[in-house]
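Report on one structure; see the data block that follows.
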Amino acid sequence: MVAENVKNIRRQISEVCSRIGRDSKEIILIAVSKTFGSEFIREAISAGISDIGENYVQELQRKQQELEREPIRWHFIGHLQRNKVKYIIPWIQCIHSVDSLRLGEELSHQAAKHNRTLDILVEVNTSDEESKFGVKPEQTIMMVKELLPLNNLNVVGLMTIGKFPENPEDSRPTFQLMRHLQQQAVRDGILLPHLSMGMTNDYHVAIEEGATMVRIGTAIFGKRNYQH
């Protein structure tokens, strides 16, 4: 099932990119394995997936230990508390959810201990929901500028979660806002090559609006069982 799902998603990504004149190789497909066991991740790897996203530190630690011999690029996409940074910093590839200077400083401090340079993205709260993490859109560029001087970090882009609309088209204004922020950064002399946006329901629209990373869970692994 997982292999067929991955194949279908890659085909759809290629179709969208072909239609709008983008190269499908620009799109990093991140399989979000929250609540799914390592056996599912192995299926995804066998189907050609290299990038795996997780939301919770404890779950990520367990899976990394079980899969440490697999060729995985691990992405952390959930809210990250500063006191848990040290547990994942030796091997995490990219943090998508940096939303404060203090978190950035801790990431820089811990990465330096391991002589590593870590890719990070600034999380933007595009839905203006109190329950969501992330910086406000109007504060995004300032946050990027505050993070840029930190050692051992590469600020490579922006991420948003957004709302979960039934109609994917309803996500388009959110994704357009992210693209505008990216362009604003360029005008300020800051290159942010990545936009991490779009999930199972709306990744087609996200790619049309410039996404370079799409985070797909349900369409790859199936419906989640949170009791497990």
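The values are calculated or read from the model by the stated rules, or taken from the named source; none is laboratory data. As the structure is a computational prediction, the values presented were derived from the model and not from experiment. Cβ sites come from the backbone with ideal geometry, for glycine too, and all protein chains shown count toward neighbours.
Listed values, structure above:
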item	result
Residues satisfying the stated conditions in region 116-145, i.e. loosely packed, with under 15 Cβ neighbours inside 10 Å and among the acidic types (Asp, Glu)	Asp128, Glu129, Glu130, Glu138
Whichever residue in region 171-228 is surrounded by fewer than 22 Cβ atoms within 10 Å (Cβ to Cβ) and of a type in the set (Gly, Ala, Ser) and, among such residues, is nearest to Ser18 (Cα to Cα)	Gly210
Tabulated pairs, region 84-97, first in contact (Cβ under 8 Å) with a residue 24 or more places away in the chain and within 20 Å of Ile161 (Cβ to Cβ), second surrounded by 21 or more Cβ atoms within 10 Å (Cβ to Cβ) and of a type in the set (S, T, N, Q), C-beta under 9 angstrom, 6+ apart or interchain	Cys94/Ser196; His96/Ser196
Condition met for Leu101 (exposed (fewer than 15 other Cβ atoms within 10 Å of the Cβ), within 30 Å of Arg172 (Cα to Cα) and at pLDDT 95 or above)	yes
Residues of region 30-43 satisfying the condition of being polar (S, T, N, Q) and either at pLDDT below 95 or buried (at least 19 other Cβ atoms within 10 Å of the Cβ) (or both)	Ser33, Thr35
Test set (1) over 28 Å from Leu150 (Cα atoms); (2) out of contact with any Lys or Arg (no Cβ under 8 Å at 6 or more places or on another chain); (3) free of Cβ contacts under 8 Å to residues at least 60 places away in the same chain - Leu101 fails condition number	(1)
Condition met for Thr140 (touching a residue at least 12 places away in the same chain (Cβ under 8 Å) and out of contact with any Lys or Arg (no Cβ under 8 Å at 6 or more places or on another chain))	yes
Output for region 44-77, where each listed residue is surrounded by fewer than 18 Cβ atoms within 10 Å (Cβ to Cβ) and farther than 22 Å from Asn5 by Cβ	Tyr56, Gln58, Gln61, Arg62, Gln65, Glu68, Arg69
Any hit, region 14-25, residues being touching a strand residue (DSSP E or B) at 6+ places or on another chain (Cβ under 6 Å), surrounded by 15 or more Cβ atoms within 10 Å (Cβ to Cβ) and either of a type in the set (A, V, I, L, M) or part of a strand (DSSP E or B) (or both)	no
Positions within region 135-170 being small (Gly, Ala, Ser) and either at pLDDT below 95 or more than 19 Å from Ala211 (Cα to Cα) (or both), in sequence order	Gly162
Test: residue in region 52-71 that is at pLDDT 95 or above, hydroxyl-bearing (Ser, Thr, Tyr) and not in a loop (DSSP other than H, G, I, E, B)	no
Positions within region 82-96 being under 21 Å from Ala31 (Cα atoms) and surrounded by 18 or more Cβ atoms within 10 Å (Cβ to Cβ), in sequence order	Ile88, Ile89, Ile92, Cys94, Ile95, His96
Filtered residue count, region 133-166, keeping only those that are over 15 Å from the mean Cα position of the chain (by Cα), assigned to a loop (DSSP other than H, G, I, E, B) and over 28 Å from Lys113 (Cβ atoms)	5
Only listed residue being of a type in the set (A, V, I, L, M, F, W, C) and either within 17 Å of Asn55 (Cβ to Cβ) or part of a loop (DSSP other than H, G, I, E, B) (or both), chosen from Met199, Met178	Met199
Residues being closer than 28 Å to Glu66 by Cβ, in contact with an Asp or Glu (Cβ under 8 Å, 6 or more places away or on another chain) and in a helix (DSSP H, G or I) - total across region 85-115	1
